[in-house]
Each structure stands twice: as structure tokens, then as C-alpha cells.
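Below you'll find the structure, written out as C-alpha cells, and then a few comments.
Coordinate-derived values only; no laboratory data. These figures come from a predicted structure and were not determined experimentally. Ideal geometry is used to build each Cβ from the backbone, glycine not excepted, and the neighbour counts take in all protein chains shown.
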Amino acid sequence: MTDPTQPIGEFLERFIHAFGISARVAREETADGPRFNIEGDEAEILARHRGEPIKALQHVVDNAYGRSMADDRRVFVDALGYRKGKDLELRQMARLLAEKVKQSGVDQQLGPLNPYERRLVHMAVAEVPGVTTESVGDAFSKTVLISLRR
């Protein structure tokens, strides 16, 4: 059986080579799907400007290869673990705000967030009993409202 993510790894290798970035692509299996982490001294160029280059590369991979993944798994593209760290921070912040809502009864907002970031927040807050989340806004980037469950 062939690995459906092999073309993604090959694309990322070609991408970093075409841009003259001295780096390598490492693949890690996670519960949500495979994570391709671009590693090496020059990979930090992809994590600059609040990770915008890596977000753009993620968008390209999603559009080109997103439908090739089975069972609703997602492919993650990262550089030097930048997104992995940011994801962890966002989950921790969401749980912290959920606990604050639970103790104070005052709603909290987190955002603006893209769809992937909102999903992380919704999932993290779901682990805290007694609170709920709602995405608010009508644009690509929305705010997540955390409030007491009624």
C-alpha cells in the first residue's frame, strides 16, 4: 500500500529546494494526521512574521492535497515546531480562559482566529465542564466567545 502523504513530502522537499532553503522535511504521525516539520538552520525563514510564510504554505498544501487524505485527517505543515508550539499556547490560553469564565461567570473572547485555530479552541474548551464556545463574526477570521453553559 502506498503512502498517500508521500507526494506532500516530495512537494515540500521541492519547495524548500526551489527557494534555496537549506533544510529537510521530517514526518511525524499525530492523532489528527501527519505533521511535516521543516527542520534546519535556514527553516526559521518560514517562521518569521508571526509564521505567515508557513501559514501560506499550509494553505497551498491544503488546496493541492487536502482532498487526498482519508477519514477527515488533516495534513499539518510546520517549520522548526513553530506551529506546534503556537497550537499548544492557544490550547492552554483557551483552557485558562474557560476556567476564568467558570469561576467569574464573565464571558471571555479569544481572537480573531482562523478556522484551524478556532477548532483548537473549541476542542480545548470542551475539556472544561460547565462552559461552552461559539464562533462570532462573519469573516474568515472570527472570535471565539467562551461562556457558561446555560
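In this simple spin-label model, placing a label point 7 Å from the Cα along the Cα-to-Cβ direction at both residue 119 and residue 62 gives a separation of 0.8 nm.
Rounded to the nearest 20 debye, the dipole size of region 86-148 about its Cα centre is 80 debye, using +1 on the Cβ of Lys and Arg and -1 on the Cβ of Asp and Glu.
If you take the square roots of the eigenvalues of the alpha-carbon gyration tensor of region 83-150 and sort them as a ≥ b ≥ c, do you get rounded (a/c under 1.5), prolate (a/b over b/c) or oblate? Before the final figure, lay out each step's value.
On the way: a/c = 2.09, a/b = 1.29, b/c = 1.62.
Because a/c hits 1.5 or more and a/b fails to exceed b/c, region 83-150 counts as oblate.
Could you check what % of the DSSP bridge pairs in region 6-80 are antiparallel, to the nearest 5? Mind showing how you got there, number by number?
Values: 6 of 10 bridges.
That works out to approximately 60 percent antiparallel.
Only helical runs count toward this figure. For the chain, summing -39,500 (n - 2.57) over DSSP H runs of n ≥ 4 and dividing by all residues gives -14500 deg cm²/dmol at 222 nm. Using C-alpha pairs under 8 Å with a sequence gap of at least 6, the mean separation divided by the residue count of the chain gives a relative contact order of 17 percent. Per-residue Karplus couplings for region 42-55, computed as 6.51 cos²θ - 1.76 cosθ + 1.60 with θ equal to phi - 60°, are listed in order as 8, 5, 4, 4, 7, 9, 5, 6, 6, x, 4, x, 6, 5 Hz, Gly and Pro entered as x.
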